[in-house]
Structure formats: C-alpha cells, structure tokens
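Asker: Supplied in structure tokens, the structure appears directly below.
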Amino acid sequence: MSDVPQTDVSRPSALPTAKLLQRQTQPLVDQNSNEYLDAIEEEWNKKVDVEIETLVDGMADIVSLASIGDKDKFRIAQESFQAQCRAESMIRAAHSLMSTIHSMKLLLLLSDETQIAKRRDAELRAVQAEKGAAQRRAAALLDELLSARTDDGGAAAAQGT
C-alpha cells in the first residue's frame with residue numbers, strides 16, 4: 001500500500017526553461033527612451049503588417065478560387081476546402097488585429113499618465129497665477145478704497161475745525 005501508484009502521466013521535475021517571444025533588440029540598459037519606443041513601435045508595425053498581408057493574400061486567393069468554369073466534383077470539393085482554410089486564416093488574422101488594436105488603445109489610455117500630469121500641473125500653475133493676480137488686484141482696489149476714505153475723512157475733519 002505504500003507504493004506510489006503507477007500511471008502513464010508524465011510528472012515533470014522542473015519547469016521548462018524555454019524563452020518565449022525572443023526579441024532581437026538591444027538590452028534595455030544600452031537604449032535610451034526614444035530608441036526603446038522606436039523599437040516597440042517597429043515591432044507593433046511588423047505585427048500589423050503581417051496580419052494585413054494575411055488578410056490581403058487570403059482575399060486574393062478566395063477570389064481566384066471563385067472562378068466559374070468546367071469543374072468536376074473533386075475540383076469543386078478541393079476549392080471549397082481551400083476557401084474554408086483561407087477564410088479561417090483570415091478570421092485568425094482579423095482577431096489578432098482586433099487584439100492588437102485593443103492593446104494599443106489600452107496603452108494609450110493607461111500609459112499617458114505623464115502627459116496628463118503635465119497638463120494638470122500647467123493648469124494648476126495657470127490657476128495659481130490667476131489667483132495671485134486677482135489677489136493683487138483686490139489688494140490694490142482695497143488700498144484705493146481705504147486711501148479715498150481717509151482722504152475724505154481728513155478733508156471733513158479739516159473743514160470742521
């Protein structure tokens with residue numbers, strides 16, 4: 001009863017060490033921010049180009065398969081299968097493009113914090129400058145009002161004596 005049950009299920013002893021999505025870019029330490037962003041942009045452009053090319057090639061192949069002519073049943077079945085395969089690859093490419101677009105939207109919305117912070121800080125500085133100008137204007141008007149009142153009070157006192 002103390003024996004380990006024998007099964008045909010493999011039991012890996014360690015995690016695999018495969019490196020998925022290997023990039024041919026420079027190490028992050030050697031790149032400045034602009035170079036890194038350019039490399040990322042180029043990578044996104046390549047992904048989009050590959051998917052667009054898949055869609056265009058698939059559509060061209062489907063159109064070429066849709067020719068009307070003398071065909072036997074085998075040729076019709078073969079072309080039908082080819083059209084289905086092309087349509088499926090086009091659907092995968094379209095889903096991949098939609099996923100890429102979604103990722104780009106999220107990157108735009110979530111990673112633009114520095115620009116939002118800069119705009120907020122600039123607006124805060126502008127409001128503080130307006131507040132300071134309004135305070136100075138209010139102080140000047142108050143000084144004018146008080147100096148006019150003391151001038152009127154001093155003139156009335158001089159006339160009373």
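Asker: What accessible surface, in Å², does a 1.4 Å probe find on Val63, ignoring ligands, DNA and RNA and rounding to the nearest 10?
Answerer: Spelled out: Val63, probe radius 1.4 Å, area about 100 Å².
Asker: Okay, next question. For the full complex of protein chains and a 1.4 angstrom probe, list Lys105, Lys71 by accessible area with the highest value first.
Answerer: Reading off the accessible areas and sorting them downward yields Lys105, Lys71.
Asker: Something else: Note down the accessible area of Ser96, probe 1.4 Å, to the nearest 10 Å².
Answerer: Number for this one is 40 Å².
Asker: Continuing with this model, one more query. When the expected Rg is taken as 2.2 N^0.38 Å, what fraction or multiple of it is the alpha-carbon Rg of segment 68-131? Each step should come with its number before you reach the end.
Answerer: Values: Rg = 26.8 Å, N = 64, 2.2 N^0.38 = 10.7 Å.
Scaled against compact globular proteins, the figure is 2.51.
Asker: Moving on. Which Cα, out of Cys85, Gln128, Ser103, lies furthest along the positive dipole direction of segment 78-142 (beta carbon charges, K/R +1, D/E -1)?
Answerer: Gln128
The values are calculated or read from the model by the stated rules, or taken from the named source; none is laboratory data. Just so it is clear, the model here is predicted, and its values are computed rather than measured. So basically every Cβ, Gly included, is an ideal-geometry build from the backbone, and we count neighbours across all protein chains shown. Note: accessible area is taken over every heavy atom of the protein model, side chains too, but ligands, DNA and RNA are not part of it. Shrake-Rupley method; radii C 1.70, N 1.55, O 1.52, S 1.80 Å.
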